[in-house]
Number of protein chains: 2
Amino acid sequence: MNKDQILLGHGDGGRLTRNLVEDIFAKAFANPALKPLADAALIRFGRAQLAFTTDSYVVKPIFFPGGDIGQLAVFGTCNDLAVMGSKPVYLSCGFILEEGLELDTLKKVVGSMKLSAQKAGVKLVTGDTKVVERGSGDKIFINTAGIGERLAWPSMGSRLKPGDEILLSGTVGDHGIAVLCARGELKFSLPVESDCGPVWPMVKALRRSGIKVKWMRDPTRGGVAGALNELANGRDFGIEVFEDKIPLTPAVDSACEVLGLDPLYLANEGKVICIVQKGQAEPARKILRKFNSGRSAEIFGRVIPDPKGKVIAKTGIGGARMLSMPAGAPLPRIC
Amino acid sequence: MNKDQILLGHGDGGRLTRNLVEDIFAKAFANPALKPLADAALIRFGRAQLAFTTDSYVVKPIFFPGGDIGQLAVFGTCNDLAVMGSKPVYLSCGFILEEGLELDTLKKVVGSMKLSAQKAGVKLVTGDTKVVERGSGDKIFINTAGIGERLAWPSMGSRLKPGDEILLSGTVGDHGIAVLCARGELKFSLPVESDCGPVWPMVKALRRSGIKVKWMRDPTRGGVAGALNELANGRDFGIEVFEDKIPLTPAVDSACEVLGLDPLYLANEGKVICIVQKGQAEPARKILRKFNSGRSAEIFGRVIPDPKGKVIAKTGIGGARMLSMPAGAPLPRIC
């Protein structure tokens, strides 16, 4: 491991990624809109309040059970806008294609992006295509940037307090395990599909209901543990997660058991974590459960006064373990 | 050459690129903002009139005389906004890094982006980093998307008519030749530097002056010939270019001579082509020449009634040749 080089772990959404972002990017580009290092930047043009975000997609393989790189590229970026309380409206799209890619493969991915954009209610309005020589890329990389319209939601961003409750809109780890299956790295086959899909319909329903949501995040790279650690890190509160409340399909559960993976660190691509004001978790769960993608929604944690800055998982039988920031165990190219 | 696969030529900004965009992307994503297939999409939020664009940068090598991939990634996207009459305001930035990249190289590129963003007056507000395995990428690919503010400029987009005059803000081919030099593909060394830089200051000055600019484009991939062909293709006018008026440094001129390249097909990264209403070219040239990057600005062509849809180059001695859409002679990874 060479400390002076980029490692696969720099891309896993964990500690190394965070270090890179904080040490190199945030310092160089310091400005108020970038500073929160949130899923999307909040920007303004006159009276228009917008959110702006970008993600590159390098998932391998590009087709996997339940989705493909095109779906990811649309929903992933839309979801980053949605969790900032913003309605996704416009997307840009940049392709980096490897020489020799079958045109049919490209058409299939583009067709999938088209359907996903319709489903997400966004328009793809500008794009770019580059081609690199065989061996300088890997089939298709896609970047999308998205612009969303911020909607009034006064509770969003307000101070988190002990007692605030944490929900998850559905089962965890489906995307991560689906991609591992598609890579043929498992010695067994599993009925697992990626959860790749839009979260905006659920977010919109929560907002309409007037539920006091204070914070949201879509737990992609780094999983639920990564997202909660990013939130708690350096703050004056801790987070407690109830292990026996974490929604999990039996297939993902057994895959994790066999492979020694913790589902809380696996990527999700159609889930949202919501922190709501104490007492509002039950009505929030009811709303989420009205959606097919939210049918397994669960209240799975809460904000606690101590230990500050940490994320703790409580087991059913009274044990506790620290959920640290993911590091050093990358599943590269999961999204 | 396999017709069913992606070729390097699909990325050269010429006919194959255009076919790909029209046959696959434009059909799938059909919507009014995408339809013009311009450098940036014109979008609107309430009263805010914005331009939105994206480009991925895969230039090889990443450092070259006069610039690097970081500068390109900032100025290239800002220039796409500027030529739509929009002031560049916000950028997103997505990195795809190859495992093993030296951190110092990344820092150098990021430092260069920081300076370029300051120079261009834009804020980089959101970003993403992915890492791919050694051999699945090539050091650094960067995508930037940009949002600009459209400023009132009533002449922009109005109908082109025979007699309208065409200006170029400076010498052509500098970027293309600088990158070729940096690749070590030339057997001689040349005092050539990329023209990589912002065009917004020149565009802004033209707008302030009240000059009736009808159309602008930054002639990057595909060069001046590519940009003018894209404009003329299928329209009810032609374009005439005066070969002896094309600004060219002696170094680029000799390089092109030796290598058998036509400078009109080489990439530029800090130039703008402007079409102004008949009679306004002289004052426009004066304004452009006030800028260091516009010191060689020239009136180099005009809109003609026939041949419709074509671009013709007139030589000093009365000859003429067709400048067709670039195709089949790619200089891959020029930007």
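The values are calculated or read from the model by the stated rules, or taken from the named source; none is laboratory data. Note that this is a predicted model, so its numbers are computed, not measured. Here Cβ is always computed from backbone atoms with ideal geometry, including for glycine, and neighbour counts include all displayed protein chains. Each accessible area value is taken on the protein alone, full model and side chains, heavy atoms only, with ligands, DNA and RNA left out. Shrake-Rupley method; radii C 1.70, N 1.55, O 1.52, S 1.80 Å.
Things worth noting here:
- Spatially, segment A:77-130 and segment B:10-61 are offset by 12 Å when compared through their Cα centroids.
- Between the alpha-carbon centres of segment B:250-275 and segment A:219-279 there is a gap of 55 Å.
- Relative contact order [Cα under 8 Å, 6+ residues apart], segment B:38-90, whole percent: 35 percent
- From phi via Karplus (6.51, -1.76, 1.60), per-residue ³J(HN,Hα) for segment B:45-61 in Hz, x at Gly/Pro: 10, x, 8, 7, 9, 10, 10, 9, 8, 8, 8, 9, 10, 10, 3, 9, x
- Taking other residues whose beta carbon is less than 11 angstrom from the beta carbon of residue A:29, and scoring Lys, Arg as +1 and Asp, Glu as -1, yields +4.
- Using a Förster distance of 45 Å, the FRET efficiency for residue A:183-residue A:236 (Cβ separation, nearest 0.05): 0.65
- Share of carbon and sulfur in the accessible heavy-atom surface of the protein assembly as shown [1.4 Å probe, %]: 50 percent
- Only helices enter this figure: runs of n ≥ 4 DSSP H residues, each worth -39500 (n - 2.57), summed and divided by the residues of chain A, yield -7500 deg cm²/dmol at 222 nm to the nearest 500.
- Candidates A:287, A:246, A:317, ranked by Gaussian network fluctuation over chain A, Cα under 10 Å, top entry: A:317
- Distances from residue B:187 to itself in the other copies, using label points 7 Å out along the Cα-Cβ axis, amount to 6.0 nm in increasing order.
- Figure note: B:75, B:242 ranked by solvent-accessible area, largest first, 1.4 Å probe, ligands and nucleic acids not counted: B:242, B:75.
- Accessible area buried, both sides summed, chains A and B with 1.4 Å probe, Å²: 6700 Å²
- Remark: spin-label model distance residue B:44-residue A:26 equals 3.9 nm, labels positioned 7 Å along the Cα→Cβ axis.
- Around the amide H of residue B:300, modelled in the peptide plane, lie the amide H atoms of B:166, B:167, B:168, all under 5 Å away and 5 or more residues distant in sequence or on another chain.
- Taking the alpha carbon gyration tensor of the protein assembly as shown, multiplying each eigenvalue by 5 and rooting it gives semi-axes of 47, 25, 22 Å, largest first.
- Between residue A:327 and A:15, the built amide H atoms are under 5 Å apart, and every one of these is 5 or more places off in sequence or on another chain.
- Copies compared at residue A:159 - label distances in nm, ascending, label defined 7 Å from Cα in the Cβ direction: 6.4
- Gaussian network model of chain B, Cα within-10 Å springs - most flexible of B:162, B:61, B:36: B:36
- The heavy atoms of residue A:235 present about 100 square angstrom of accessible area, all protein chains included, probe 1.4 Å.
- Within the shell of other residues whose beta carbon sits under 14 angstrom from the beta carbon of residue A:121, the net charge comes to +4, with Lys and Arg scored +1 and Asp and Glu -1.
- For residue B:26, inter-copy label distances in nm, listed shortest first [label point 7 Å out on the Cα-Cβ vector]: 4.4
- In order along segment A:254-267, the Karplus-derived 3J(HN,Hα) couplings, from 6.51 cos²θ - 1.76 cosθ + 1.60 at θ = phi - 60°, round to 5, 4, 5, 4, 5, 8, x, 9, 9, x, 5, 9, 8, 6 Hz, and Gly and Pro are given as x.
- Accessible area in the full protein assembly, largest first, 1.4 Å probe, for A:72, B:331: B:331, A:72
- Computed accessible area, residue B:253, all protein chains, 1.4 angstrom probe, square angstrom: 70 Å²
- Restricting the calculation to alpha carbons of chain A gives Rg and Dmax of 19.2, 57 angstrom.
- Residue B:84 sits with roughly 40 Å² accessible to a 1.4 Å probe, with DNA, RNA and ligands left out of the calculation.
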